[in-house]
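Taking it in order: structure first as structure tokens, then the write-up.
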Amino acid sequence: MSWIHLVLFLCLTLLCCVTGELSPEGTDDGAPMEKTEQEALYSAIQGFVGDSWNGSDLYPDPCGWTPIQGVSCDLYGDLWYVTDLTLGLVHENSLSCATSLEIKPQLFKLKHLKSLTFFNCFTSPIRIPKEDWINLASNLESLEFRSNPGLIGELPETIGSLTKLKSLVVLENGLNGKLPTRICNLTRLKRLVLAGNLFTGTIPDCFNGFKDLLILDMSRNSFSGILPLSVGEMVSLLKLDLSNNQLEGRLPQEIGFLKNLTLLDLRNNRISGGLFENIEKIPSLTDLVLSGNPMGSDDMMGIKWENMGNLVILDLSKMGLRGEVPLGLTNLRRLRFLGLNDNNLTGTVPSKELETLPCLGALYINGNNLSGELRFSRKFYEKMGTRFKASKNPNLCQDVVSESRQYVVGLKSCMMEKAEDSLVIKQTWSNLKKEDESSSSMGVMVTRHVLLSNGFMWDLLLELSLILLLNLLVC
């Protein structure tokens, strides 16, 4: 049996030599990690995870056969260096950050770092360090702070030194104050997300150099002032979201230059001055959300909606708009959501035309002064369900009812309304007849048919009663 043991020993020795297990500092392909880089990585992670974390014991080869979740490496020459670092519970086996943590200076010694992400890492109050960001400027392309409620203070000016950044995401943290002016230096950005913080002040008017920017999201902050004119120079922009701020003034006509824009969301600001015709010059728009802005008494009829055939979501609610529902909206064949509620719209509803829109799944016209008769089919009501609202239109009624109940809560049926008007007419006639019989004077009763704004011919009895009193003539 000795020869069998000899064969097994030789095989095991050969396997160890091939896989590099005889050399704990080697990686799968034999390349080691640069020593100072490895020490900086261990120290940086320990600052976030806690002193009890011993990287050298747990992960002796972090770029090789003992990888760390959230750490990626690449070869530079014959040595491994860290290129991506993600801290926080992105995945179940990710390294979770300690409640009391420290951003150690060794983090900024990872000189080949291309991507740095902090996800739900800072839960206790801590500020972003101002120093050392310049050390990462040569290679860092992506910097993200996501869902860190403990991250407070201002965004440091030194972030502006990271001129190779293509993605800067500062999402749902506790940061406040004004944006640093040096953020205008980040002209290589393709994505700039600053949403869900407590930023204040005006939006910098320096977007003329951001020719490659695709996504700009500064929603859910407290930005004020007017929308900068330079926003129209971001010619590659696909998504612009400035919703839920305190912006005011008119919409700049320059937005019409954004020929590639697919989403424009400006809801819940203080923008006034009405809709602008240049918006129809953005045929690429799929989502247009302007609700909650006091646009005033603007008329929707001034826009050629039929030129915006790619619209999927159109929300113009709570804007104080007047006029009728434009027939051009009935040409938007891709439309899924139409919100016109809580305005001052008048006239009739183009029911039959709206029903022909094949993708329409939500329609809100409640809270207006619309009149006439809704002529949607039973199938339409059943398809929409609670996603259709037309209540709080005093002169609007519905044509189709489902046996004993109404399709639209808050609207009377047209048959009921006709019956009520008939009773009013009969009562009026009876009262006039009594007055006529009791009067000793000669009167004139005039009955005329009036076409009211709700589309019905109602017999409206008008008493002119031109009483000629003989005793007055005698006097």
The answer for residue 33, listing residues at least 5 apart or on another chain whose modeled amide H is closer than 5 Å to its amide H, is 80
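Which whole-number percent is the relative contact order of segment 38-176 (Cα, under 8 Å, 6+ apart)? Let's see the in-between values first.
Numbers: 290 pairs, mean separation 26.7, N = 139.
RCO, segment 38-176: 19 percent.
Rounded to the nearest 0.05, what FRET efficiency is calculated for residue 137 and residue 395 with R0 set to 51 Å and r the Cβ-Cβ distance? Write out the running numbers ahead of the final one.
On the way: r = 65 Å, r/R0 = 1.27.
So the FRET efficiency works out to roughly 0.20.
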For 152, 255, 226, the accessible-area ranking with a 1.4 Å probe, largest leading, is 226, 152, 255
Scalar couplings 3J(HN,Hα) for segment 244-249 by Karplus 6.51 cos²θ - 1.76 cosθ + 1.60 (θ = phi - 60°), nearest whole Hz, x for Gly and Pro, are 6, 10, 10, 5, 9, x
Taking the alpha-carbon centre of each part, the distance from segment 361-396 to segment 281-343 in Å is 17 Å
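I'd like the carbon and sulfur percentage of the solvent accessible area for segment 73-217, probe radius 1.4 Å, heavy atoms only, ligands and nucleic acids excluded. Could the numbers behind the result be given before it?
Numbers: 3100 of 6410 Å².
Within segment 73-217, the accessible surface is 48 percent carbon and sulfur.
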Ignoring ligands and nucleic acids, residue 78 exposes an accessible area, probe 1.4 Å, in Å² to the nearest 10, of 120 Å²
Residue 57 and residue 39 label points (each 7 Å along its Cα→Cβ direction) are spaced in nm at 2.0 nm
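Quick one: ranking 80, 65, 305 by accessible area, 1.4 Å probe, largest first, what do you get?
Numbers: 80 40, 65 130, 305 5 Å².
The most accessible residue leads, giving 65, 80, 305.
Using Cα-Cα distances under 8 Å and only pairs 6 or more residues apart, what relative contact order does segment 54-116 have, in percent? Show your work: numbers first, answer last.
Working: 70 pairs, mean separation 15.9, N = 63.
Computed over segment 54-116, the figure is 25 percent.
Rounded to the nearest 0.05, what FRET efficiency is calculated for residue 96 and residue 224 with R0 set to 41 Å and r the Cβ-Cβ distance?
Numbers: r = 37 Å, r/R0 = 0.91.
For residue 96 and residue 224, the calculated efficiency is 0.65.
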Kirkwood Rh over alpha-carbon pairs of segment 301-352 plugged into Stokes-Einstein at 4 °C, 1.567 mPa s gives a D in µm²/s of 113 µm²/s
Per-residue accessible area, 1.4 Å probe, largest first, puts 318, 392, 211 in the order 392, 318, 211
Answer in debye to the nearest 20: the dipole magnitude of segment 180-300 about its Cα centre, from +1 Lys/Arg and -1 Asp/Glu charges placed on Cβ, is 500 debye
The set of residues whose placed amide H lies less than 5 Å from the amide H of residue 247, leaving out same-chain residues fewer than 5 positions away, is 270
To the nearest Å², the heavy-atom accessible area per residue of segment 183-272 with 1.4 Å probe amounts to 39 Å²
In debye to the nearest 20, the charge dipole size for segment 256-413, taken about the Cα centre with +1 at each Lys and Arg Cβ and -1 at each Asp and Glu Cβ, equals 360 debye
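Under the definition of Cα pairs under 8 Å and six or more residues apart, what whole-number percent is the relative contact order of segment 121-266? The partial results should precede the final answer.
Details: 388 pairs, mean separation 23.8, N = 146.
Relative CO of segment 121-266 lands at 16 percent.
Can you tell me the order of 264-273, 84-93, 51-60 when each peptide is scored by its average per-residue count of other Cβ atoms within 10 angstrom, highest first? List each step's numbers first, then the result.
Working: 264-273: 19.4, 84-93: 16.1, 51-60: 12.4.
For the peptides 264-273, 84-93, 51-60, the packing ranking is 264-273, 84-93, 51-60.
The values are calculated or read from the model by the stated rules, or taken from the named source; none is laboratory data. Being a predicted model, the structure only gives us computed values, none of them experimental. Cβ: placed from backbone, ideal geometry, glycine included. Neighbour counts: every protein chain shown. Accessible surface areas use protein heavy atoms only, side chains included; no ligands, DNA or RNA. Shrake-Rupley method; radii C 1.70, N 1.55, O 1.52, S 1.80 Å.
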